[in-house]
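What follows is one structure encoded as C-alpha cells, with my remarks underneath.
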Amino acid sequence: MTFLKKQTFTRVLPVLAPLLLVLTPGASSAQDAAEGPTPWTKICTENKKTKKEICLISQEIRSESGQFLASVAIREITGNEDGALLISVPPGMLLQPGISFKVDDNEPRAVKYGICFEKYCYSELAIKKNVIDEMKGGNNLTVTTYTQQAKAIGFELTLAGFTATYDGPPLDPATIKAQREQAQKDAAEKSRLARENLIKQQEEATKN
C-alpha cells in the first residue's frame, strides 16, 4: 500500500462545500497536548426549518503543491443519536471495494461511495459514540482507497487536536471567511510557484 501522509492542512474545507449546503436551509489522550494550530475545524449552524443545530468537525489534507488528497468530517445533528462520518477522496478511484478507514492499528471499517463530482468523490457512514471515542483516543486516522489498477492508497490524517475541537466551541463565521480567503491566496501562490518552477526546469533542459 502507498501511504500519502499529511503534508499541509487548511482549517476551511472547500471540498466539503456540497456538505456545507446542508448546514444552510470523554476520553482524553496525548493528542490534546500537541502544540500549535489544530488541523480540525468545527462549524455549526441552525437548520431554519427543523430548528436543529448541525455541526461539522472536519479536516482536509493537501499535497505541498496544494492538490487535494482527502478530507474527513463528522456531522452531528442535535437530537439525533447517531452521527455521520463523511469521507472525500479524489475522483478516478475504483468504486469497488469502496473506501475504508481506521484509527491507528484498530480494525478498519468499510464505507461505500455515495456520489462523485468533477473534483472529488465522497462517502457517508452512520456512526455511534464509540467511533468518536476511538478517534479521541487515537493518534492517526487512515483512509484507504484503490486506484484503477487496484493499488491501495492510504491517506493519513492526524487526530492531534480532534478532542479539543470536537468538545470546543465552533468557529466564528468571520473567522471562517478569513480562513477561506487565506486558503485561496495560499493555493494561488502555490500554483504560481509551481508554474515558475516548471518554466525554470524547461529552460534549464533547453540550455543543456
Mind checking whether some residue in segment 182-196 is among the charged types (D, E, K, R) and touching a Lys or Arg at 6+ places or on another chain (Cβ under 8 Å)?
no
Within segment 174-198, considering residues that are of a type in the set (A, V, I, L, M) and within 11 Å of Ser65 (Cβ to Cβ), the one surrounded by the fewest Cβ atoms within 10 Å (Cβ to Cβ):
Leu198
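I'd like to know if segment 187-196 contains one or more residues that are of a type in the set (A, V, I, L, M, F, W, C) and under 26 Å from Tyr122 (Cα atoms).
Looking only at segment 187-196, we keep the residues that are of a type in the set (A, V, I, L, M, F, W, C), and these are 187-188, 193-194.
Those still in the list that are under 26 Å from Tyr122 (Cα atoms) too: 187-188.
Looking through segment 187-196, at least one residue is of a type in the set (A, V, I, L, M, F, W, C) and under 26 Å from Tyr122 (Cα atoms).
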How about segment 138-167: which of its residues are at negative phi, surrounded by fewer than 18 Cβ atoms within 10 Å (Cβ to Cβ) and outside any strand (DSSP E or B)?
Asn139, Thr147, Gln148, Gln149, Lys151, Ala164, Tyr166, Asp167
Find all pairs meeting these conditions: Cβ atoms under 9 angstrom apart; at least six residues apart or on different chains; first residue within segment 40-55 and under 27 Å from Gly161 (Cβ atoms) and surrounded by fewer than 15 Cβ atoms within 10 Å (Cβ to Cβ); second residue modelled with pLDDT of 90 or more and of a type outside the set (Ser, Thr, Tyr).
Glu46/Lys52; Glu46/Glu53; Glu46/Ile54; Lys52/Ile77
Among the residues of segment 75-89, the number that are crowded, with 19+ Cβ neighbours inside 10 Å and more than 19 Å from Pro170 (Cα to Cα) is 3
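The values are calculated or read from the model by the stated rules, or taken from the named source; none is laboratory data. This is a predicted model, so every value here is computed, not measured. Cβ coordinates were reconstructed from backbone atoms using ideal geometry, including for glycine residues, and neighbour counts include every protein chain displayed.
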